[in-house]
1. SER342 fails exactly one of the following numbered conditions: (1) within 17 Å of MET452 (Cβ to Cβ); (2) open to solvent by less than 30 Å² (accessible area, probe 1.4 Å). What is the number of that condition?
2. Does ILE185 satisfy being assigned by the TED database to the domain that holds LEU219, assigned to a helix (DSSP H, G or I) and at pLDDT 95 or above?
3. Quick check, is ALA352 open to solvent by 30 Å² or more (accessible area, probe 1.4 Å), among the hydrophobic types (A, V, I, L, M, F, W, C), assigned to a helix (DSSP H, G or I) and under 27 Å from GLN505 (Cβ atoms)?
4. Checking ALA271 against (1) modelled with pLDDT of 95 or more; (2) open to solvent by less than 10 Å² (accessible area, probe 1.4 Å); (3) not in a loop (DSSP other than H, G, I, E, B), which single condition isn't satisfied?
5. Looking only at residues that are small (Gly, Ala, Ser) and more than 26 Å from the chain's Cα centre (by Cα) in region 208-256, which one is nearest to THR482 (Cα to Cα)?
6. Taking SER520 as meeting all but one of (1) under 30 Å from VAL389 (Cα atoms); (2) among the hydroxyl-bearing types (Ser, Thr, Tyr); (3) open to solvent by less than 50 Å² (accessible area, probe 1.4 Å), write down the number of the exception.
7. Exactly one condition in (1) farther than 24 Å from GLU363 by Cα; (2) in a loop (DSSP other than H, G, I, E, B) is false for VAL300; which is it?
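The values are calculated or read from the model by the stated rules, or taken from the named source; none is laboratory data. Treat the numbers as computed from the prediction; the structure is a model and nothing was measured. Cβ coordinates were reconstructed from backbone atoms using ideal geometry, including for glycine residues, and neighbour counts include every protein chain displayed. SASA here: full protein model, heavy atoms, side chains in, ligands and nucleic acids out. Shrake-Rupley method; radii C 1.70, N 1.55, O 1.52, S 1.80 Å.
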Amino acid sequence: MDSLLAPSSTSSFPSLNNNSNSRIKHNSLPSSLGFFNLRKFSTVSFGYSRRSCRLRLSSSRRSKIKSSTSPTMSSSASPEIPQPKIVNGPGGYVLEDVPHLSDYIPDLPVYSNPLQDNPAYSVVKQYFVHVDDTVPQKIVVHKNSPRGVHFRRAGPRQKIYFDSDDVHACIVTCGGLCPGLNTVIREIVCGLFHMYGVKKVSGIDVRYRGFYAKNTVHLDPKVVNDIHKRGGTILGTSRGGHDTSKIVDSIQDRGINQVYIIGGDGTQRGASVIFEEIRRRGLKVSVAGIPKTIDNDIPVIDRSFGFDTAVEEAQRAINAAHVEAESFENGIGLVKLMGRYSGFIAMYATLASRDVDCCLIPESPFYLEGPGGLFEYIERRLKENGHMVLVIAEGAGQELLSESLQSMTQKDASGNRLLQDVALWISQRIKDHFSKERKMTINLKYIDPTYMIRAIPSNASDNVYCTLLAQSAVHGAMAGYTGFTSGLVNGRQTYIPFYRITETQNKVVITDRMWARLLSSTNQPSFLCPKEILEDQGHEESSNELLDNGKCSPN
């Protein structure tokens with residue numbers, strides 16, 4: 001029976017030119033088959049009972065899983081959040097699996113995947129993903145270390161749980177702009193249309209509220225043909241909460257059975273709540289997320305789409321700052337880049353540029369005055385080279401601003417802390433320091449390319465990546481998976497449970513080799529004070545004490 005649904009890698013697949021009707025129902029096959037080859041695992045605990053879960057989660061993770069599904073969104077009911085779906089195997093193997101429609105809807109009909117009759121894929125050997133294929137989260141291990149956490153590999157399955165003629169899919173984009181949004185929209189539409197023959201796809205206009213505001217647009221390959229050449233999103237976007245119950249009511253009323261949600265961690269938290277309400281009502285609706293954040297701060301995945309484009313475009317701003325700085329006596333080019341909580345864009349743009357003398361990010365606290373401080377370093381670089389380029393992420397140095405205590409309590413519509421413009425503040429502090437205290441003439445040029453970077457189309461690398469993310473989400477939804485995010489892990493497309501995407505944020509580890517490479521490239525001080533690095537499980541961020549005036553604590 002297993003070989004019917006998912007042949008082993010050594011067995012031959014059914015002919016891809018099979019003349020049988022690809023939509024023949026296989027009601028005689030239990031819908032849950034093909035989900036796991038249970039004989040290969042010693043322990044399987046993927047039920048919704050909290051007692052049956054064998055994976056011991058830390059109390060912090062459990063609390064994050066609970067909190068990730070209860071943002072400021074109202075619902076008619078508050079269902080108990082099911083326990084993560086875990087499969088334990090030999091050698092310390094742990095599969096953190098994603099939900100499936102058959103988990104809560106019995107006796108679902110199963111259909112043959114129409115790709116087996118698609119001439120475009122007739123040349124692909126063993127095109128369908130094996131039922132046991134998983135991807136490890138941690139790829140570097142020791143010979144005696146456990147196999148560790150795995151995620152389900154993404155891709156087309158031999159059996160699907162939707163008749164293509166019955167599918168009504170919808171797509172929604174939320175949060176800030178990011179290069180590649182239109183590419184993801186295009187590839188979801190084209191993937192559904194060309195690979196699975198789905199003809200009914202709707203775009204939800206202006207984020208989640210568009211569901212109950214009845215704002216929809218019809219999408220087909222002709223409509224989305226060239227949208228990847230444009231920046232932004234054709235569906236519109238904004239920030240803020242939503243009414244979960246109204247959204248699911250709208251999904252029910254319109255007969256939508258596949259929901260594709262493109263957005264950052266806040267959007268994915270909303271998607272998780274929507275999925276739980278759908279599950280509570282027992283609806284046959286797949287909810288698939290595509291993670292979007294230009295800052296690359298979503299955990300687990302290798303990178304988020306739009307990040308490569310952002311780093312590439314940031315080079316233009318850094319190059320302009322370098323030209324300006326070189327052209328004037330004691331010239332300083334200061335560039336502010338995106339990075340609310342994570343400094344990945346600033347770090348990678350600095351490494352790629354080789355023209356940057358100092359990079360400041362949120363993860364690495366710094367101080368201005370005194371020995372080893374930023375002012376001393378700037379003065380030394382000006383005396384050595386006659387100019388310098390400074391890159392700062394928008395979230396860096398917030399604790400140094402005089403208004404920081406007030407700004408900490410203010411948040412935007414998505415719940416993000418409102419940040420002060422640290423680059424403008426530091427620009428003025430640098431000018432004041434050298435004009436009043438050092439009596440030294442400087443020429444400082446400040447460049448902020450934030451919205452220019454966000455609004456451009458994605459480059460070639462991100463375009464390809466967006467295609468993989470979108471098609472993986474389509475394959476997963478058609479195969480009956482739900483409550484998952486499509487993401488790249490160790491170079492492989494995977495399906496990741498929502499709670500793993502929303503439980504924390506990806507940040508630069510300043511005790512890691514990549515940050516050491518940056519320090520080596522720029523020759524900037526680490527600004528660590530006192531120089532004590534606390535290591536927990538091999539890598540932890542350093543502990544830094546700062547006084548209100550931005551100087552090091554004597555202790």
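1. (1)
2. So ILE185 passes the test.
3. On the way: open to solvent by 30 Å² or more (accessible area, probe 1.4 Å): yes; among the hydrophobic types (A, V, I, L, M, F, W, C): yes; assigned to a helix (DSSP H, G or I): yes; under 27 Å from GLN505 (Cβ atoms): yes.
Here the answer is yes, as ALA352 does meet what is asked.
4. (1)
5. Of the residues in region 208-256, the ones small (Gly, Ala, Ser) are 210, 213, 231-232, 236, 238, 240-241, 245, 250, 255.
Next, only the ones that are more than 26 Å from the chain's Cα centre (by Cα) stay: 213, 250, 255.
Working: ALA213: 25, SER250: 18, GLY255: 17 Å.
The residue in question is GLY255.
6. (3)
7. That leaves (1) as the condition not met.
Table: residues versus (1) part of a loop (DSSP other than H, G, I, E, B); (2) of a type in the set (Asp, Glu); (3) buried (at least 16 other Cβ atoms within 10 Å of the Cβ).
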residue: VAL217; (1), (2), (3): no, no, no
residue: LYS222; (1), (2), (3): yes, no, no
residue: ASN225; (1), (2), (3): yes, no, no
residue: HIS228; (1), (2), (3): no, no, yes
residue: THR237; (1), (2), (3): yes, no, yes
residue: ILE256; (1), (2), (3): yes, no, yes
residue: ILE261; (1), (2), (3): no, no, yes
residue: GLY266; (1), (2), (3): no, no, yes
residue: PHE275; (1), (2), (3): no, no, yes
